[in-house]
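The values are calculated or read from the model by the stated rules, or taken from the named source; none is laboratory data. Because the structure is a prediction, the values reported are computed rather than measured. We place every Cβ from the backbone using ideal geometry, glycine too, and count neighbours over all the protein chains shown.
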């Protein structure tokens, strides 16, 4: 392993550890809040509503990154459109989320972790998606839970973007030999 690819791998592992810690805390907090209000079987159903797709997308990103990448790009585009809608109509979203909970923040969480998992195989596109999500979450009006998602998305996205750029910039030199010698000029 060359120093360049080693640096990229260190950045990727750092992003994975950070995402793992953030994900564990965020999932436990979100599930705990849901169990506290509304509680009961309704809470179990609401948790399953976001946790099941999150787990499926993480497994897909790790096992089949070629298939997962376009799915995650599409979901990122949908999420960003919703975030922009929230900027255009903050009162409507504030009213909706007061009644139904922090839907955009939970959807953001359900995207951050699978996109990070995609970053294990494809750090550059995962980093870009996370930065886009983080910036959109930071710009979203009227949602403190959504603003909380912005910092981890930007931090993890920056690490993966750096890893992807380091790895992308690494082009192994061709082996020495007669096949790689310049051809003689004909006058």
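Determine if region 56-79 includes at least one residue that is part of a helix (DSSP H, G or I), farther than 25 Å from residue 167 by Cα and in contact (Cβ under 8 Å) with a residue 60 or more places away in the chain. Spell out the reasoning first.
In the first step, residues of region 56-79 are kept if they are part of a helix (DSSP H, G or I); the result is 56-63, 65-79.
Checking the rest, the ones that are also farther than 25 Å from residue 167 by Cα come to 56, 75, 77-79.
Within this subset, residues satisfying the condition of being in contact (Cβ under 8 Å) with a residue 60 or more places away in the chain are none.
Taking every residue of region 56-79 in turn, none turns out to be part of a helix (DSSP H, G or I), farther than 25 Å from residue 167 by Cα and in contact (Cβ under 8 Å) with a residue 60 or more places away in the chain.
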Only listed residue being within 13 Å of the chain's Cα centre (by Cα) and more than 19 Å from residue 27 (Cβ to Cβ), chosen from 131, 67, 118: 131
Test: residue 34 is within 15 Å of the chain's Cα centre (by Cα), within 21 Å of residue 152 (Cβ to Cβ) and touching a residue at least 12 places away in the same chain (Cβ under 8 Å): no
Selection within region 16-31 - surrounded by 16 or more Cβ atoms within 10 Å (Cβ to Cβ) and free of Cβ contacts under 8 Å to residues at least 60 places away in the same chain: 31
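Find the residue count for region 1-15, including only residues that are in contact with a helix residue (DSSP H, G or I) (Cβ under 7 Å, 6 or more places away or on another chain) and surrounded by fewer than 17 Cβ atoms within 10 Å (Cβ to Cβ). Explain how you work it out, then say what you get.
So in region 1-15, the residues in contact with a helix residue (DSSP H, G or I) (Cβ under 7 Å, 6 or more places away or on another chain) come out as 4-5, 7-8, 11-12, 14-15.
Add one more test, that the residue is surrounded by fewer than 17 Cβ atoms within 10 Å (Cβ to Cβ), and what stays is 4-5, 7, 14.
Summing the residues that are in contact with a helix residue (DSSP H, G or I) (Cβ under 7 Å, 6 or more places away or on another chain) and surrounded by fewer than 17 Cβ atoms within 10 Å (Cβ to Cβ) in region 1-15 gives 4.
Residues in region 111-132: is at least one at pLDDT below 95, in a helix (DSSP H, G or I) and closer than 22 Å to residue 58 by Cβ?
No: zero hits.
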